[in-house]
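Take a look at the structure below.
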Amino acid sequence: MRPDQFAITYQDTDTGPYDGGSSGSQTTFNNGRAVVEASREVRRQLLELAAVALEASVDDLVLADGAVGVKGSPDRRVTIAELASSAHQGALLLARGSGMPPESPEHDASACVGRLGFESFASPTFFCHAARVSVDPATGIVRTSKVVAATDVGRVLNATGAIGQVTGGVVMSLGNATLEGTRYGDDGRQRNPSLLDYKLLTSADSPEIEVVFVENAAPNGGPRGSKGVGEPPIVPTAGAVANAIAAATGSRVRRLPMTPERVWRAVTTGDDSAGERNAPFGPPTAVATPAASGG
């Protein structure tokens with residue numbers, strides 16, 4: 001069947017069984033394999049229904065072009081929609097599936113603080129990011145002009161969605177890298193509780209983002225060898241920006257966010273925390289022309 005022949009109802013327990021959701025960048029990996037298994041069960045049910053409707057053996061039936069037909073008899077066919085509407089006296093045509101998860105990769109989690117059971121992931125995703133930045137050493141202002149994000153996703157199932165996930169992850173990571181950070185006063189109260197003080201990267205601030213996919217179908221992955229792509233892009237961008245700042249200035253900022261104050265102190269004193277005042281994070285209001293760059 002074609003995608004436009006389906007209607008998807010979201011989060012409605014009147015039309016489907018209850019589900020606890022998914023998390024951990026394993027949605028496609030886990031839910032996708034469950035859908036494949038459930039689809040095989042739906043296929044079995046449809047063939048059995050068609051065998052009754054067409055008075056034929058299941059072994060003589062074939063599913064094609066949105067219908068079930070009898071081999072060698074092109075006129076004897078019934079559509080999947082007709083079978084689904086008449087299944088179980090009009091009840092829902094339901095199927096369940098899970099798929100046995102593969103073994104977790106070999107790993108040593110003995111140093112983990114707090115064992116959560118997710119110290120390793122089945123079919124892990126790999127990535128490499130590069131950032132081009134400009135730094136004004138006089139003010140510490142860092143501007144990222146381009147990020148190239150390459151990700152091993154196994155197999156891309158939805159190119160538009162995958163590009164959107166990587167792009168959003170990079171933007172989120174850039175915010176973590178240069179702007180976002182919670183500060184608390186001696187009284188325990190947050191000093192930057194609103195968007196006036198807690199700075200977020202906006203679309204106007206976002207640089208050019210080039211998304212590259214490395215496709216190698218994972219033998220133990222999700223449908224068609226796919227792997228997770230939601231959270232991995234958030235991880236490496238800050239490191240790429242930090243390396244670019246170091247390449248541009250010769251000084252390394254070792255704490256996030258890499259605010260103008262921390263960058264300026266690293267450049268001028270070699271210590272990004274020397275004399276840091278307890279103030280909300282955020283860039284200075286002054287705008288300066290970038291004076292050094294690196295990638």
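The values are calculated or read from the model by the stated rules, or taken from the named source; none is laboratory data. Quick caveat, the model's predicted, so the values are computed rather than measured. Glycine also receives a Cβ, built like all others from the backbone with ideal geometry; neighbour counts cover every protein chain displayed.
Annotations
- The one condition from (1) surrounded by 19 or more Cβ atoms within 10 Å (Cβ to Cβ); (2) within 22 Å of ALA246 (Cα to Cα); (3) not β-branched (Val, Ile, Thr) that GLY169 does not meet is (2).
- Subset tally (residues that are in a helix (DSSP H, G or I) and touching a Lys or Arg at 6+ places or on another chain (Cβ under 7 Å)) for region 224-241: 2
- Of all residues in region 187-199 being touching a residue at least 12 places away in the same chain (Cβ under 8 Å) and either touching an Asp or Glu at 6+ places or on another chain (Cβ under 9 Å) or surrounded by fewer than 18 Cβ atoms within 10 Å (Cβ to Cβ) (or both), the one that is nearest to PRO233 (Cα to Cα): LYS199
- Residue identified as under 22 Å from the mean Cα position of the chain (by Cα), in a loop (DSSP other than H, G, I, E, B) and under 16 Å from THR259 (Cβ atoms) among ASP205, ASP197: ASP205
- Counting residues in region 231-250 that are within 16 Å of the chain's Cα centre (by Cα), closer than 29 Å to PRO101 by Cβ and at pLDDT below 90 gives one or more.
- Residue within region 71-82 that is among the acidic types (Asp, Glu), touching a residue at least 40 places away in the same chain (Cβ under 8 Å) and either outside any strand (DSSP E or B) or in contact with a Leu (Cβ under 8 Å, 6 or more places away or on another chain) (or both) present: no
- Residue within region 61-75 that is basic (Lys, Arg) and farther than 23 Å from PRO219 by Cβ present: yes
- Checking the stated criteria, ALA177 turns out to be crowded, with 21+ Cβ neighbours inside 10 Å and modelled with pLDDT of 90 or more.
- Pairs linking a residue in region 49-69 that is in a strand (DSSP E or B) to a residue that is of a type in the set (Gly, Ala, Ser) and surrounded by 14 or more Cβ atoms within 10 Å (Cβ to Cβ), with Cβ atoms under 8 Å and 6 or more positions apart or on different chains, are LEU61/ALA50; LEU61/ALA51; LEU61/GLY69; VAL62/GLY69; VAL68/ALA50.
- Annotation note: of LEU83, LEU54, the sole residue that is surrounded by 14 or more Cβ atoms within 10 Å (Cβ to Cβ) and at pLDDT 90 or above is LEU54.
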